[in-house]
Structure formats: structure tokens, C-alpha cells
């Protein structure tokens, strides 16, 4: 295999594996920018994968090829609602946000596998779906020599949507009044409150948006990569997205880059057997890489990551 | 609030949370077409119904006590150690490795295996402790990342160095085992092992360190108020490191219970065991106190070990137990509301 073929495999695999991470990590950006820690990303993603697969299985006879897109919509709604539990606990009940996140992760796994067993007669995993998200060749762009082969051939559309979304999120957070309020609430809620911003409402909105995006991320993973759902479909993807968000310093575009990089590391793990130097490395090291890098990033060896100031602190009116 | 009512609240909240968890669990069974009475009867029978069931409950609660005190110790000193899972994996591997590689007389071999497990866990806890103490890095994120690192690293090391095929490590030598045919026979040939005594001993150690030593006093003080402790001349950074190392040490021993007691080897895992995460639930429900942790480990250990028999006898999917545990954490975490109601009520009383 020549160099270009290998490169084409890796770029395609990277676009594949990074899309779920990008969606979920962008969700994390919303939540944490508003000051709510979101360890629940893992569970919200898992719930999205569950809803995505189950609704695809139940609807695909009726709706055929568009089913996966409907499934993404349901996953967004489902995980959005599920995330409101996290919001309720951590904003209204002033629970420790990390603890609440842990509870959500437990609950997502319990409820989805419980439901799977209920729906599919005691089986712990679902059948495989028939309709996956279509791989497409982007017209015109895919005809460009070399670049077309590398980036625009047989990649699921969701991968491109994820990338475009990162720029949209960047615009929302840094260029709109909503984004300014979101950041204000995460940095200094008391000041924001004084300026007439409804802190509670902003945080609820942010957490629910993060749930919706994580749901989409999970469903994209399930529908485009795994093709079915079981208790191990989402195992660590959500935490990896969390890592990408931190590695990207809570910035949408940084998060995009980090998620793509982590996707690349995963892709190397998958396609590593074809690549001369990488194939001699134990694949375990590649799988570990994103996590180790995140620790280094936090420590400041790879540029210091600063969290929003009010992250993790429940807002109490009048408290200084 | 007076001292009595504070104590009352401390007991009331976990009991309330556990009851709410069970209540919601019953509702879930009801709405998904299962019989809650049958389900809970089967669950209870599976926990305590026979000597064997009780033996399995004790077996399941052993690592949970240790994971619970690991989480609880860190909590008491103001740290959130989500990394118990990873520290337990590292301890598990270390214990098994000692059990496989060394050749020593019985009591010495077990003891060394457990001590090495504790050291391994402590080293894994030292990393987030150092990063928090020296660089101010949030320990929650670091420990999550280290969990995955531990998962892949232990799996790699097993396959590379002590692999026996079928995704498992070699078996430990008899001299390193905590298993006891005699004890097992008393409990209907369940997998109960001597580890339970170590776990209970460690619960006492946790209580002793926190309540009776200068170190424990300092650690709790740092947990209450970092700045005041600093001002009082305590070395806050070092205390954070010590706390994470002690917590990691307990977690490492938790892992060794699986390696030396339950299984006698270690699987090259691809997914977490859940011990560390259950430890969070155990510690929270137990109010982060030694005695509370032992009691709630009994509950969660029992729930976990009885889940399959509930599935078998009442046809309820065993994941119901996961949901109940999640709900209990949720309600303990949301205790602000309960406290709020109580404080309002007691104010009106005056």
C-alpha cells in the first residue's frame, strides 16, 4: 500500500471516529461555560445511543433511509430531557455537580439496558440496524485530485455537520448576546445576576443543550459506527469527549481540534496494522494517549487549561 | 440547628434516600409490567435468604467497604477521588503479580501481596495528589483520565507479562490466596474469603487516622478550610498529597481483594469493574464515616450479588439494581432540599 492510500484510510477513519466526540464535547462546552460541571456526558451519550438504535430499529420498516436522521432527532430530545435531571439536581437542588453526574451515568446505563431487556425479550443487546447514516462523496470537492480522495470520499455526512457545528457554536458563544450571557453566568454569576441575567434559566438552557448534543453524539456513534446497542456500546466515549473539551480549553474550535486529534488517535489504533512504525507499538499506548495528554494539558505542559471561574459552584442569590 | 438534630439529619438523609431509591425501583417494576413484591422478595432472598447467598453478599461487600473508605477518606479531606476504580485495578494487578511471581510462606506472601497492592494504589493516587497540591489541577478530571490509563495499562501488562490465555492472568500461588475452604463451607460453599476481616480492619484504620491522629486532624482541617489551615501553619499541599495517597492505598487493597480473594487471578479487562464507582455510592450513602460505609457496603454488595437471582426468580432484569443505586446517589446528592425542609420546619418550631 502506498503512502496516499494509508493516509486516505486514516483521514476517513479519523472523520468517522471523531464526529461523536465533536458533538458531545461541544455539548460539554455549553454546560461548563455556564458553570455546571458535566461528568454526565458519558451517560447522556449512552442514552442517546440507546434511543438512536431503538428508534431506528422500530421505525426503519416504515421510514427506510431517512430513519437514522429521525433517530438523531429523538436521541437529541431524549437526552435533552434526561439532562434536565442533571440540571434539576445540580442547579435547583444545589447537589454536588460531580456526584450528580455520577448518578446520571449510573442511571443512563441502568435504564437503557433494563429497557433493552424489556423490549427485546431479555436480550442484553439489540439487533443490528439496517439503515446506517449514508456515506457520501461530496460533489465537486471529491473530484479534486488527492485532497478529494483524502477528505471528501465515503464519509458519513454527520462528520461534516459536526465540523460545521463547531464553528456555529463558536459564533454563538463568542459573537451573540446569548453567548455573552452564558459566559458571564459561568465566570461571575452574581455580577451577571445584577445585570438582569437569569442565572438559573441560563444554566438550565445550557445543560439541556449539552444533553441534546451529547445525545446526538451518542446516536451518531451507535448509528454510524457500532450499528447496535448494548451495555458496552458507549464505554468511555463520553469521558473522552470531556477530555477533548478540557484539552481544547473550553473553546469550541479548540475542542473541535482536540476531538479530531483524539479521533485520530483512535483511528491509528484501528488502522495501525497498516502503518509501518505504528504497527510495532502496542495499541494500548495509542488508546492511552488522549488521557495522558489531557493530564499533561491540565498540568500546563501543553499550554495551561483554565476552567470557567464559577465552574462547579451552585449559585445562591445574595451569597458572596 | 442543635447537635442532636444534626445527628438526626445525618441518619435521616441516607435512610430517606435509600427508601426513595427502593420506592422508585418498585414503581419502575410496576410500570414495566413486573411484580414489585415478587421482585423485592427475590432480591432479599438473594441477599440474605441462604447461607450461600449471605456468603456471596459478604464477598461482594468486601471490596466495596474498601472502595467506600477510599472515596470517603478523600471526601472527608475535601477531595473527590473518582479514581478509586483505576487505583483498584492497579492494586489488583500488583497483588496478583506478587502472588504469581514470588514464592514465600503463606502468611508472609499474602501480607506482602496486600501491602504491595496498597503501595501501587497509593502511587496511582499520588499522581493526582501531586498535580493538585503543586499545580492546583482539579483532581476529578485527572483521576478520570487515570482510570482509563490504568484500564488499558493493566490489560496490556497482563497480556505482555503474566498471560495464561483466555483473557486471564496466571493464577496466584496458594500461599498468596485469601480463600478459605473452611469459611466457604460455613457459608454454603460461596466465594466468601478472609478479605472481609481486612476490610473491616481497614474501616477501623480509616476512623483511627481521621479521628485520633494529628495527621487526620490536619487532613480534615484542610478539607474544611484550606486557607485557615494554611494560616494555622499546616502544609496544605503536602496534606493533599498524603490524603490522595492514603485514599489510593485503600483502593489498591480493594483491588487486591478481587485478585487474592474472589478470583485468584486478573482478567485483561476491556471495561471497568464498577468497584470504584460503587465505592462513591457506598461512601455517599454512608455519610463518609467508617461505620456508615460498612453498613451501606452491605446494602450495595447485597444488591449487586443478588441481582442475578432476582432476574432468575422474578424475571426482573438485573439492571434494576443499577437504577436503584443511581437513584440513591441522586437523592443523597440532592439532600439540600431535605435539609432545607428540615431547617425550615425546626425554625417554625421555635
Cβ pairs under 7 Å, 6+ apart, first in the range B:12-36 and more than 10 Å from chain A (Cβ to nearest Cβ), second surrounded by fewer than 15 Cβ atoms within 10 Å (Cβ to Cβ) and part of a helix (DSSP H, G or I): B:36/B:30
Any hit, the range B:48-63, residues being within 12 Å of the chain's Cα centre (by Cα), under 19 Å from residue B:120 (Cβ atoms) and crowded, with 24+ Cβ neighbours inside 10 Å: yes
Qualifying residue in the range A:188-201 (condition: surrounded by fewer than 19 Cβ atoms within 10 Å (Cβ to Cβ), touching a residue at least 60 places away in the same chain (Cβ under 8 Å) and closer than 25 Å to residue A:76 by Cβ): yes
Those residues of the range A:176-187 which are surrounded by fewer than 21 Cβ atoms within 10 Å (Cβ to Cβ) and under 15 Å from residue A:91 (Cα atoms), in sequence order: none
Which numbered condition residue A:94 fails, given (1) part of a helix (DSSP H, G or I); (2) at pLDDT below 90; (3) within 26 Å of residue B:338 (Cβ to Cβ): (1)
Residues satisfying the stated conditions in the range A:89-98, i.e. crowded, with 24+ Cβ neighbours inside 10 Å and within 7 Å of chain B (Cβ to nearest Cβ): A:89, A:95
The range B:270-292, subset away from chain A (no Cβ under 13 Å) and not in a loop (DSSP other than H, G, I, E, B), residue nearest to the chain's Cα centre (by Cα): B:275
Filtered residue count, the range B:316-342, keeping only those that are at the interface with chain A (Cβ under 8 Å from one of its Cβ atoms) and part of a loop (DSSP other than H, G, I, E, B): 2
Any hit, the range B:204-218, residues being in contact (Cβ under 8 Å) with a residue 40 or more places away in the chain, closer than 25 Å to residue B:293 by Cβ and assigned to a loop (DSSP other than H, G, I, E, B): no
Selection status of residue B:296, crowded, with 24+ Cβ neighbours inside 10 Å and at pLDDT 90 or above: yes
Extreme residue, surrounded by the most Cβ atoms within 10 Å (Cβ to Cβ), among residues of the range B:128-137 that are without any contact (Cβ under 8 Å) to a residue 40 or more places away in the chain and in contact with a helix residue (DSSP H, G or I) (Cβ under 7 Å, 6 or more places away or on another chain): B:131
Total residues in the range B:134-152, condition within 19 Å of residue A:309 (Cα to Cα) and modelled with pLDDT under 90: 7
Restricting the range B:219-235 to residues that are part of a helix (DSSP H, G or I) and surrounded by fewer than 17 Cβ atoms within 10 Å (Cβ to Cβ), the residue that is nearest to the chain's Cα centre (by Cα): B:224
Filter pass, residue B:119 being touching a residue at least 60 places away in the same chain (Cβ under 8 Å), under 19 Å from the mean Cα position of the chain (by Cα), within 11 Å of chain A (Cβ to nearest Cβ) and farther than 14 Å from residue B:238 by Cα: no
Helices (runs of 4 or more DSSP H) completely within the range B:93-196 that count 3 or more residues being closer than 22 Å to residue B:250 by Cα: B:106-135, B:139-161
Among the candidates A:83, A:103, A:71, residue that is at the interface with another protein chain (Cβ under 8 Å from one of its Cβ atoms) and either crowded, with 24+ Cβ neighbours inside 10 Å or not in a helix (DSSP H, G or I) (or both): A:103
Close pairs from the range A:156-176: first under 16 Å from residue A:221 (Cβ atoms), partner surrounded by fewer than 19 Cβ atoms within 10 Å (Cβ to Cβ), Cβ under 7 Å, at least 6 apart: A:156/A:134; A:156/A:135; A:157/A:134; A:157/A:136
All positions within the range B:144-167 that are more than 10 Å from chain A (Cβ to nearest Cβ) and either crowded, with 18+ Cβ neighbours inside 10 Å or within 22 Å of residue A:99 (Cα to Cα) (or both): B:158, B:162
Given (1) closer than 15 Å to residue A:15 by Cβ; (2) modelled with pLDDT under 75, index of the condition residue A:143 fails: (1)
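The values are calculated or read from the model by the stated rules, or taken from the named source; none is laboratory data. Keep in mind that this is a model prediction, so the values were computed, not measured. Neighbour counts run over all protein chains shown; Cβ positions are idealised from the backbone, glycine included.
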